[in-house]
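Below is one structure, written out as structure tokens; comments come after it.
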Amino acid sequence: MTIEEQLIEYAKEGKLLTHKCTECGYLHLSTAYYCLKCGSKGFEDTILDGVGSVATYTIITVAPAGFEKYTPYAFVVMKVDNTDLRISGFMPNIATPDDLPVGIKAKIAGFDERGILIEKQ
Ligand SMILES: [Zn+2]
């Protein structure tokens, strides 16, 4: 399986595949090719619970072609608990900022054609 396929399989289980530097322990998203802290290319897979809090988001009311049926939704950036990592994904049924306070607890809820799905905890 490619890294992308592994990422998807873990996301379907609510997990996040990350790469931990074997030199300094710094955590990266699995798309990193070398350590952002020490430059090492040695990584080991580390599976985290896909839980965190909403850092920022954009509400999409006019969707790209093929995604109209999903509107309104939010494109969410979630800070992963106990890390510096941020992941982005889609949260359905968000129409106004009242629906989604920044800082609210969130989690990975799956993966489909939209990418990673995030929902409120
Ligand atoms: Zn490192």
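Residues in region 61-99 that are touching a strand residue (DSSP E or B) at 6+ places or on another chain (Cβ under 6 Å), over 18 Å from PHE111 (Cα atoms) and among the β-branched types (Val, Ile, Thr): THR83 alone.
Taking every residue in region 94-114 that is without any contact (Cβ under 8 Å) to a residue 40 or more places away in the chain and pairing it with any residue that is outside any strand (DSSP E or B) and surrounded by 13 or more Cβ atoms within 10 Å (Cβ to Cβ), at least 6 positions away or on another chain, the pairs with Cβ-Cβ distances below 6 Å are ILE94/LEU100; ALA95/PRO72. The condition (being under 26 Å from MET1 (Cα atoms) and in contact with an Asp or Glu (Cβ under 9 Å, 6 or more places away or on another chain)) is satisfied by just one residue among VAL62, VAL51: VAL51.
Scoring LEU16 on the criteria (1) more than 16 Å from the ligand (Cβ to nearest atom); (2) within 25 Å of ILE104 (Cβ to Cβ); (3) out of contact with any helix residue (DSSP H, G or I) (no Cβ under 9 Å at 6 or more places or on another chain); (4) not charged (D, E, K, R) leaves a single failure, condition (3). Got at least one residue in region 70-91 being within 16 Å of the ligand (Cβ to nearest atom) and surrounded by 14 or more Cβ atoms within 10 Å (Cβ to Cβ)? Yes - at least one qualifying residue is present in region 70-91. Scanning region 73-102 for residues that are β-branched (Val, Ile, Thr) and under 14 Å from ALA55 (Cβ atoms) turns up VAL76, VAL77, VAL80, THR83, ILE87, VAL102. Against the numbered list (1) modelled with pLDDT under 95; (2) under 15 Å from LYS12 (Cα atoms), GLY110 comes up short only at (1).
The values are calculated or read from the model by the stated rules, or taken from the named source; none is laboratory data. Keep in mind it's a predicted model, so treat the numbers as computed, not measured. We place every Cβ from the backbone using ideal geometry, glycine too, and count neighbours over all the protein chains shown.
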